[in-house]
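To keep things clear, I will list the structure first and then write my remarks on it.
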Amino acid sequence: MGLKAYQKAGQKCRKNALTLFTQHNNLDSEDMEDKIREIAEWIVNAKSVVVFVGAGLSTESGIPDFRSPGGVWDKYDPEDFYFQNFISNETAREKYWQMATEMYESMKDAPPNAGHFAIAELERLGKLDCLITQNIDGLHFKAGNSEKKVLELHGTAMHVTCLSCNKRYERDDIQTRVAAGQKAPRCDTCGGLLKPATISFGQSMPERETAEAYRRSEACDLFMVIGSSLVVHPAAYMPVVAKQGGAKLVIINRDETACDGMADIIVNGTAGPIMAAILEKMKQRIHL
Ligand code: NAD
């Protein structure tokens, strides 16, 4: 699916997401209100806001994360999915494609939620330096973020690449082959191994995106983490780099994260409603 088609599909979901937000709004405690007001104020005053997200941002869209109960690692053993195993072993490749097919099924028609829309709105308001995402589900584009602002650190599940000749395929085309019985499909040009264009454990990170993410994290003055346990490296170094560069660090996550000790504000809760509330406060503050 092209970028325009994604965005069109995404806008349809916007209304539903905002309705859900009001239904699930649990933001009435005084402490929570203070934090939301303060974060909104920080965004208004910041020169450069970097948003860093993980799988937790997309659970409200129906896509399981890795580490929560019922998440992907409750079902599969991460060690089965090391890149080296994929390269060297046909059984591992078949197992990988089985897991990847299951994840893709949960992603391909998933709607963006209030959290995605709030981040897209930050871009629209000129308040987003960049969005560093560990997610591979393409939902930022459905919500309206532009390609120039999004750094996909772990690649995308929406495409497949040949590990030998780098030929790029639409994911749906390859899934049709998998459904027809190809358990570990191969490139029709060179016969090389096909793999979703995502980064597995042990696989090299994309050079441009990683370098750019480090540079922007170091230079920003407000760094916001949303929906990540911050245990997957090198992605999880970004908040550390931001902090070392002098940025304020905000963490919005349901559970504890590995960087809680260095955060300036931690909001433990559900990302969509919290982000929508922050955006609302921010708009009031700038009279929009
Ligand atoms: P993770 O599974 O390690 O952590 C997710 C965190 O999000 C948890 O700490 C959990 O408490 C929190 N969370 C879950 N739902 C939430 C919600 N609604 N609101 C607020 N917090 C919520 O995920 P990670 O840190 O992103 O790292 C794991 C890897 O998972 C990444 O590399 C990513 O590529 C991959 N992944 C991506 C997707 C996706 O694209 N949607 C899905 C699964 C895994």
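Give, as residue ranges, the helices (runs of 4 or more DSSP H) completely inside the stretch 47-128 that count at least 2 residues that are more than 13 Å from the ligand (Cβ to nearest atom) and under 14 Å from the mean Cα position of the chain (by Cα).
It comes to 114-124.
Which of the residues belonging to the stretch 235-258 are within 11 Å of the ligand (Cβ to nearest atom) and surrounded by fewer than 22 Cβ atoms within 10 Å (Cβ to Cβ)?
Listed by number, the residues that qualify are 235, 236, 254, 255, 256, 258.
Matching residues to (1) of a type in the set (A, V, I, L, M, F, W, C); (2) under 20 Å from residue 132 (Cβ atoms); (3) assigned by TED's automatic domain parsing to the domain that holds residue 243:
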{"site": "54", "(1), (2), (3)": "no, yes, yes"}
{"site": "79", "(1), (2), (3)": "no, no, no"}
{"site": "83", "(1), (2), (3)": "yes, no, no"}
{"site": "89", "(1), (2), (3)": "no, no, no"}
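Kindly indicate which of 241, 250, 225 is farther than 26 Å from residue 73 by Cα, among the hydrophobic types (A, V, I, L, M, F, W, C), at pLDDT 95 or above and not in a helix (DSSP H, G or I).
250
The values are calculated or read from the model by the stated rules, or taken from the named source; none is laboratory data. A quick note: this is a predicted structure, and the numbers were derived from the prediction, not measured. Every residue, glycine among them, receives a Cβ derived from its backbone with ideal geometry; neighbour counts consider all protein chains shown.
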